[in-house]
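The values are calculated or read from the model by the stated rules, or taken from the named source; none is laboratory data. No experiment lies behind these values; they were computed from the predicted model shown. Cβ atoms come from the backbone with ideal geometry, glycine included; neighbour counts cover every protein chain shown. Accessible surface areas use protein heavy atoms only, side chains included; no ligands, DNA or RNA. Shrake-Rupley method; radii C 1.70, N 1.55, O 1.52, S 1.80 Å.
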Amino acid sequence: MAKPFFSLQKFLRRAQFFLFFLTVAYLMAGSLLLLQRSYLVIQQSNRGTSNLQGSPIDSLTAGDRYIDHKMAQNPYWSPKGIVGFNLPTKTLTNQRNGLIDQPLWLISRNSELRQLRRRWFHNFVNERAPVQGAQPKIMKHTLVNKGRYIGCFIDNVEQRTLKATVFYDLRKMTISHCQDACAERAYLYSGLAYGSECYCGNSLPPNRAKEEECNNECKGEKGSICGGVNRLSVFRIEELQALEKQRRNVTYRGCYRAPENITQIFPAFFANLTIEMCSEFCTIKEYPLAVVRWTECFCGYPTVQFNLYEQLDDSLCSGCTNDSSGPDLLKEDRYCSVYQTPVQDTRCTARSFLPSKSKVFVALSSFPGAGNTWVRHLIEHGTGYYTGSYYFDGTLYNKGFKGEKDHWRSGRTICVKTHESGKREIEMYDSSILLIRNPYKALMAEFNRKCAGHLGYATERHWKSKEWPEFVNSYASWWASHALDWLQYGKRLLVVHYEELKRDLIGKLKEMVAFLNLTVNEDRLLCVENNKDGNFKRVGSSQTVLEPFTREMKDLIDGYIRTVDKALKARNFTGLPEEYMPR
């Protein structure tokens, strides 16, 4: 009788110790999360608050108190800007006891960061998890939305046949969403995997899988199946719709001199085709270029031998576009007409994390609205490696930026996006790419993003609201302090101006790739130029034709432009482009 009693007593003691250990672990984890959250809030608050008694900023007017308090310690900064320049100011109405509290837009940013982190954690826990506790679902209908269901296929990552238009949507992916994206680019097949990933192509995967293996429910469509773990639910898009897209999306690139070894440069060739037939032929073959020389059709990619840099007068190709009915017509083989098909150039779309952790920690730093996301797109496609981020943005992850979910200090990404500034935040990076954009354009871009998301435009009501002048007074000083801090504390620095990158994309991209200590692949860079826009280019014209900047705003921003220009030259960099200069 005593033996069972002592065994029970021993078990209870162990159980008590185990529960105590779990309680302590839980409390420690909660404390760490609270500390991290408090640090982020304080860190963001310091950028916008300047109510420090006795600091050099006390001599500034209310408008200038938005400036980071570290800006006053910068050797290039004084209350009047650079010596010799008068920096205009603007007084705001949002004041408390004579001092401006934390700016409204920085408070909004703190809330935005917290939401992004919560969304990241939720998605991380649920990512790629198969449906639990449910019976395997088999697609019963042969017609779904705009396409016909073909079947469940094995997704071979190494030799993918559906490899174009890759995007993710962890919350709203539907079969129709994927099919529309593929149809817009004239692909015949769309494939969905993991309930949230979409792929396009013109060839079916070689190996079928069992129907019950495609068992992941679409994230945005209950009851529908969107593939599975390494499994694709494949649909064939209606041919009539695809052909209509093909004809509408083919664009004329220009007239070019034909290379001497034209048949060796282009992988596909077909004779006796019209322009329409050639573009459709190259689209089906999944080539982005259709090259017409008389009745000869060539399909391929931009290459070093045929880079599309030297466009000729269109009149030189006027006799090369299939008008060869006359026997006496002089045949000119030296020129060819080039057309862009709707097919994506997939030579540079394959990306991965670094094979081993990088020992060099590189920042891609910019003021918000300066084109950081676009430059990440260029770097990822130019190098083949993912970029990381100090923040977690599910919208960017859904569009293919997989580094968003990797911890920013993991060392698996080629560089890390950040908008932070300050000595501590900057000196932890070994080297940095500093991206600078015209503050007038950057402020408008960031205001558009805050009001209408990554791809939308602020309405006229937004521009006329009191939020716009508050935003300018708050963020214009941040534009200046951000650049000044990185120029002062950055160790190894490459300065890239957004406008110069747009004018000379390949040249500047080569500089960035070399700065990252990687070998430049010319054909890959040409592929990037062919896909240069990315998924976050605002399409259409702005919703407002009004001049959003008042004279007072321009005077304020122009003072900051002079300050940053002088600081760049003091560090032996080229000054700001001429178009930045005061208006």
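Tally time: how many residues in region 194-212 are in a strand (DSSP E or B) and open to solvent by 10 Å² or more (accessible area, probe 1.4 Å)? First the steps, then the outcome.
Looking only at region 194-212, we keep the residues that are in a strand (DSSP E or B), and these are 197-201, 208.
Applying the additional criterion that residues be open to solvent by 10 Å² or more (accessible area, probe 1.4 Å) yields 208.
Counting residues in region 194-212 that are in a strand (DSSP E or B) and open to solvent by 10 Å² or more (accessible area, probe 1.4 Å) gives 1.
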For this session: Looking at (1) modelled with pLDDT of 95 or more; (2) on the phi > 0 side of the Ramachandran plot, find the lone condition where residue 572 falls short.
Result: (1)
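Here is a yes/no grid of residues against (1) farther than 22 Å from residue 510 by Cα; (2) among the acidic types (Asp, Glu):
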{"site": "375", "(1), (2)": "no, no"}
{"site": "378", "(1), (2)": "no, no"}
{"site": "386", "(1), (2)": "no, no"}
{"site": "394", "(1), (2)": "yes, no"}
{"site": "398", "(1), (2)": "yes, no"}
{"site": "406", "(1), (2)": "yes, yes"}
{"site": "413", "(1), (2)": "no, no"}
{"site": "427", "(1), (2)": "yes, yes"}
{"site": "432", "(1), (2)": "no, no"}
Exercise. Got at least one residue in region 518-532 being surrounded by 15 or more Cβ atoms within 10 Å (Cβ to Cβ), part of a loop (DSSP other than H, G, I, E, B) and either on the phi > 0 side of the Ramachandran plot or modelled with pLDDT of 90 or more (or both)?
Worked result: yes
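Go through 496, 416, 472 for me and flag whichever is over 25 Å from residue 580 (Cα atoms) and open to solvent by less than 10 Å² (accessible area, probe 1.4 Å).
416
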Exercise. What do you reckon, is residue 337 among the small types (Gly, Ala, Ser), open to solvent by 20 Å² or more (accessible area, probe 1.4 Å) and at pLDDT 90 or above?
Worked result: no
Problem set entry | Tabulated pairs, region 177-194, first more than 19 Å from residue 217 (Cβ to Cβ), second of a type in the set (Phe, Trp, Tyr), C-beta under 8 angstrom, 6+ apart or interchain | 181/167; 182/189; 189/235
Exercise. Here is a list of conditions, (1) under 15 Å from the mean Cα position of the chain (by Cα); (2) open to solvent by 20 Å² or more (accessible area, probe 1.4 Å), and residue 375 meets all of them except one; can you say which number that is?
Worked result: (2)
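Only residues that are open to solvent by 20 Å² or more (accessible area, probe 1.4 Å) and assigned to a loop (DSSP other than H, G, I, E, B): list them for region 170-193, please. Steps first, answer last, please.
Step one: of region 170-193, the residues open to solvent by 20 Å² or more (accessible area, probe 1.4 Å) are 170-172, 174, 176-177, 180, 184-185, 188-189.
Across region 170-193, the qualifying residues are 170, 171, 172, 174, 185, 188.
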For this session: Please work out which residue is most open to solvent (accessible area, probe 1.4 Å), limiting yourself to region 148-169 and to residues that are within 13 Å of residue 182 (Cβ to Cβ) and touching a helix residue (DSSP H, G or I) at 6+ places or on another chain (Cβ under 7 Å).
Result: 163
